[in-house]
Structures are given as structure tokens and as C-alpha cells.
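Data first, discussion second: the structure below is written as C-alpha cells.
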Amino acid sequence: MSQVGQTQPVIVLKEGTTETKGREALRNNIMAAKIIAELVRTSLGPRGMDKMLVDTLGDVTITNDGAVMLKQIEVQHPAAKMMVEIAKATDSEVGDGTTTAVVLAGALLTEAEKLLDKEIHPTLIVDGFREASEKALEILREIAMKIKPEDREWLYKVARTSMRSKIVAQESDQIANLVVDAVLQVAEKVGEKYKVDVDMIKVDKKPGRSLTETQLVRGIVIDKEVVHAGMPKRVENAKIALLNTPLEIEKTEYDAKINITDPTQMKAFLDEEARMLREMVEKIKSVGANVVFCQKGIDDLAQHYLAKAGILAVRRVKESDMSRLAKATGGRIITKLEDLTPQDLGEAALVEERKIEEDKWVFVEGCKNPKAVTILIRGGSQRVVDEAERSVHDAIMVTKDVLEKPAIVAGGGAPEAEVASKLREWARTLSGREQLAALAFAEALESIPLTLAQNAGMDPIDTQVELRAQHGKGKTWYGVDVLENKIDDMFNKEIIEPLAVKEQVIKAATEAAIMILRIDDVIAAKGVTKEEKGKKEEEKMPEFD
């Protein structure tokens, strides 16, 4: 019998659900995010270290690309996952600055933690950070240098800078030239601005030679071989038919049977099949095509007729490669063979099958004005070409960023140091606790040049003092020259980065830090064990009498 006034326990959350509230939840999240930032921190800059990642299958990746590192590790903590998200977003948006964004987000949270210890409410910190980030972006745009988008010299410097911190640093001069040529080749002018579709730059890789043998093909490389041994392996002045239809006898959509009672009927049936295939090849030949790229299959008999007609054919070409071929050769992809006309054919000076190590690839070269090109990366081993491919991707993206938004800043932590210096002056005009948040934001920005200095073995305190002194004298582009271990003018050193990357870094890092600071309650559902999962499956199964 229950006593009057005794209350029943109210169970709101499911059994096994854990809840962390208030400051404990916040500190927990900040700690997880800082661990992620600490993980990538040592790989920032030209003197940064690489990470070796081994997945569950034992495959090894060696990289110092922040986004790649964080994609590869399986992160468990929800706040840490947010840090992975900002690296992914920065990578897809601007292609570079992923490590910087994560390090900056970690530094913002470290500074926020100090303010929390002073009993400053998270909402005030969030407001201060938001205002400071807007001011920081404003300062960045003011100090950035506007350039002409087609100025090749600047594009080259930007591409080279992005590779300086990668494995391809020694060959960065040569590869940067290839990257700039490729981006300018596929860029299209829309009004006064440029648009670059980076998918039209195909990056292929093959280990076996040295990085210096990386080349730009003004056309497309297809990693397939010519389908028939009797076909020509080299065709000059190629007229190319691009087909998205099989050169085979298609089966009917519904089941059909043909009853044959007489051997002559059998022969007539086979002859008819051969005639249809011969007609297909005749059609291709009649429009003047001497090369065929087919997205679908090519029948053995059709291959024989094509070989007899002296036509080079490649089958099962990827859809992405077909659209690049169309862009490069000026051809049109045909989905119905009867519609093929001489106007639909693409043109190239040379189509040739070449042996690259143990594989045979088809090169389509010498297109008149190719709006799709290929960079073929070579390197000593698979690990080297994999990392070189990631470096080339970053270089392509930063070159695109500058073409589409022609404004640049110096590298080496100079813009961050300058923005931090200006932010401090601005913070003094603020009143109340937001001033502390703005100063904390400036401190966090300074962590970028200091991390570069630490990774190069320089003394962080000496570096900080000298940096502040130089920026106090109005030397905007003074940053950390990690190769000579000193503070210097990074513009004169030709370390140039796109403004777009720096903007994205500040936006992404601030958003991540703000999101984490606004969380004061973490409710985690209980994980389901295998036994429970099995039981649930059994309950779902229908019962039979």
C-alpha cells in the first residue's frame, strides 16, 4: 500500500540512455575537438610531418592532407565528428586549407575554455566570436591584393605554394606549370568572370617512373585497351564517334522463343544477325569515323568487322570519360546509331594505344581547343603517386579559386598575424565581455603562424614577439619563413595563397567552434548489442503454424 503524497519516478529517457549536462558536456566536447586539432596540428606547413594511416584491411595511406587524414580515421565522438565535417567542407569548397581550418577551430575552443574558466557565459563568447569573425573577414578583404584572373604568373605562384608543403615539393615548379596550363585550358569566360569545371581535368596516376615525368596531355587518357588485336593501334587525324549504344544485337524486352525446324533456317538466322552487325559498322564507316569510343559493349563479330574496316575501337568507357571526350574532341555522344552524322564526330590529331607499365591505355591527343585535359602523374611507388594526386587536386582547386575570385594574400601565417594585430586594435573599442571574446579570437588566429614555427623547430615565444613587433610597424606581409627559420616578408618570398581559402578557413573554423560552444546537453542512446539485434530480428519474423 502506497503512502499518500509519495511520487512515482518519472522515466522519460529509454533505459541505458546516458545524459551529460551543463559545463561537463561542454568541456567534454571541447576536449574531443581539441584532440582532433592536436592530431593534425603537427602536419601544418612545409615542415609539417606526415601521418601513416592503416585501415582495417591493412591498406596504408601516407599523407599530410588534413581532410584525407580525418576522412580515413573512424571518429567516434560526436563533437570530433564536427571537426571532421569542417575539414570535408573546406576540402570540397576550396580544396586547400583543411589542416589550417581544423587547427584554428581547435585554437578558438582552447581560448573559449579560458573564458569559461573566468565564468563568462558561452552565449557571450559565441556573440564575440561571431562579431570578430566578421571583422576578420573585412580586414582580410581590405589587405588582399586584387589581380587580373588570367595573369599566369600569379596563378603559377599560388599553385606552387599549395604544393610546397606536400610530398611533391621538390618538383613543385614543374607540376605547378602543368596545373596552371590545365586550369587555363578548361576555364570558360562567362561575361567578365571565369568558370572552371575541375571535373574536366582528369588526373590519372601510374607508379613506375619518377615524379619529373608527370605530363599534361591536351586531350584524354582512357585506361582501356583497343578491343581487337587486328585493329590499328595508332590513328592520325582521328575522326571520333562517341556512342552510348551497344554494338550488339539487343535482346527483346519480353521473353521470345524462335522455333527452328530446319538447319537452313538456323543459317538464315545467324546470317541475319551478322548482317545487322555489319550494317552497324557500315553506318559508322559511312560517316567517316576511324575511331569509336563506346560506353556499352561491342559484339565479337562487330569487332571483327570494325577491325576489317581499319577502325580503332574501345568499349565500356566510363560515363565521366565519355563526357570529357566530348568536351575535348568537340564530338557529340550519340544514343541511337541511326542518328550518327559526320557533324557529330569529334576530332583529334592522334589516337594511340600505349603501354604504361603493365597496362595498355589509349591516348587521345592534339585536340584543337580541348575543354578537357588529363594530367598523368608518375612516381616511384603507389604511395608516392597517391599523395602526388592529392597534392595536384589541391593545386588545381587553389588555381581555380584565384581564377574565379581574383584576389590573393601572402602565406606563411602573415595574413593571420596581420588580422590578429588589427583585431586587437578593434577589440579595444568594444565594451563589456565581448571585448574578451574578440581578443581571444585574435589569440586563436595567431596560433596558425606559431604552429608553422613550432613545426619548423623555431621558438614559438620568440616568433610571437617578433611577429607582433613587425606587424606593429605596419609590415603587413611578414610571416614565418619555415625554410630559413626566420620572420620575413612572404610576398617577396613568393608564398601566395588565394583569398577564398583564407575566408573559408575563418568561416568554417568559427562555425564549428560556435556550434560546439552552444551545446550544453548531450543525450546518447544506448548502443544495441549483437544479441539484442538478433532477438529483435527474431521478433520481427512471421510465425507459421
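The values are calculated or read from the model by the stated rules, or taken from the named source; none is laboratory data. Nothing here was measured: the structure is a model prediction, and the numbers come from that model. Neighbour counts run over all protein chains shown; Cβ positions are idealised from the backbone, glycine included.
Only one of 427, 407, 395 is in contact (Cβ under 8 Å) with a residue 24 or more places away in the chain, surrounded by 24 or more Cβ atoms within 10 Å (Cβ to Cβ) and of a type in the set (A, V, I, L, M, F, W, C); which?
Values: 427 fails: surrounded by 24 or more Cβ atoms within 10 Å (Cβ to Cβ); 407 fails: surrounded by 24 or more Cβ atoms within 10 Å (Cβ to Cβ).
Only one candidate qualifies: 395.
Residues are listed down the side, and each one gets a yes or a no for (1) buried (at least 20 other Cβ atoms within 10 Å of the Cβ); (2) modelled with pLDDT of 85 or more; (3) in the same structural domain as residue 360 (by TED's automatic domain parsing):
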{"site": "250", "(1), (2), (3)": "no, no, yes"}
{"site": "257", "(1), (2), (3)": "no, no, yes"}
{"site": "263", "(1), (2), (3)": "no, no, yes"}
{"site": "268", "(1), (2), (3)": "no, no, yes"}
{"site": "309", "(1), (2), (3)": "no, yes, yes"}
{"site": "312", "(1), (2), (3)": "yes, yes, yes"}
{"site": "321", "(1), (2), (3)": "yes, yes, yes"}
{"site": "333", "(1), (2), (3)": "no, yes, yes"}
Please enumerate the residues belonging to region 285-321 that are over 32 Å from the mean Cα position of the chain (by Cα) and either assigned to a helix (DSSP H, G or I) or farther than 22 Å from residue 342 by Cβ (or both). 285, 286, 299, 300, 301, 302, 303, 304, 305, 306, 307, 308
Of all residues in region 371-380, count the ones that are assigned to a loop (DSSP other than H, G, I, E, B) and at pLDDT 85 or above. 2
Which ones in region 335-346 are over 15 Å from residue 311 (Cβ atoms) and either buried (at least 16 other Cβ atoms within 10 Å of the Cβ) or among the hydroxyl-bearing types (Ser, Thr, Tyr) (or both)? 335, 341, 344
Across region 129-164, what is the total count of residues that are free of Cβ contacts under 8 Å to residues at least 40 places away in the same chain and hydroxyl-bearing (Ser, Thr, Tyr)? 1
Looking only at residues in region 352-370 that are outside any loop (DSSP other than H, G, I, E, B) and without any contact (Cβ under 8 Å) to a residue 40 or more places away in the chain, which one is nearest to residue 59 (Cα to Cα)? 355
Regarding residue 282, is this residue at pLDDT 85 or above, more than 38 Å from the chain's Cα centre (by Cα) and at negative phi? yes
Considering residues of region 425-439 that are part of a helix (DSSP H, G or I) and among the small types (Gly, Ala, Ser) only, the residue farthest from residue 128 (Cα to Cα): 427
Please note which strands (runs of 3 or more DSSP E) are completely contained in region 440-545 and include at least 3 residues that are modelled with pLDDT of 85 or more and closer than 23 Å to residue 90 by Cα. 496-498
Can you tell me which residue is surrounded by the most Cβ atoms within 10 Å (Cβ to Cβ) among those in region 371-385 that are in contact with a Pro (Cβ under 9 Å, 6 or more places away or on another chain) and farther than 15 Å from residue 174 by Cα? 385
In region 292-318, how many are over 10 Å from residue 247 (Cβ atoms) and free of Cβ contacts under 8 Å to residues at least 60 places away in the same chain? 4
Given the conditions (1) without any contact (Cβ under 8 Å) to a residue 60 or more places away in the chain; (2) surrounded by fewer than 16 Cβ atoms within 10 Å (Cβ to Cβ); (3) among the aliphatic types (A, V, I, L, M), report the number of the one that residue 60 does not fulfil. (1)
Given the conditions (1) modelled with pLDDT of 85 or more; (2) touching a helix residue (DSSP H, G or I) at 6+ places or on another chain (Cβ under 7 Å); (3) of a type in the set (Gly, Ala, Ser), every one holds for residue 229 apart from (2)
Report, ordered by the first and then the second residue, all pairs with beta carbons closer than 7 Å, sequence separation of six or more or different chains, a first member in region 32-56 that is in contact (Cβ under 8 Å) with a residue 12 or more places away in the chain, and a second member that is in a loop (DSSP other than H, G, I, E, B) and hydroxyl-bearing (Ser, Thr, Tyr). 45/165; 46/165; 48/42; 48/165; 49/42; 49/43; 50/43; 51/43
Of all residues in region 37-71 being under 26 Å from residue 111 (Cα atoms) and of a type in the set (A, V, I, L, M), the one that is modelled with the lowest pLDDT: 67
Looking only at residues in region 451-469 that are free of Cβ contacts under 8 Å to residues at least 24 places away in the same chain and under 24 Å from residue 142 (Cα atoms), which one is farthest from the chain's Cα centre (by Cα)? 469
What pairs come up if the first residue lies in region 233-256 and is without any contact (Cβ under 8 Å) to a residue 24 or more places away in the chain and part of a strand (DSSP E or B), the second is among the hydrophobic types (A, V, I, L, M, F, W, C) and loosely packed, with under 12 Cβ neighbours inside 10 Å, and their beta carbons are under 9 Å apart, counting only those six or more places apart or on different chains? none
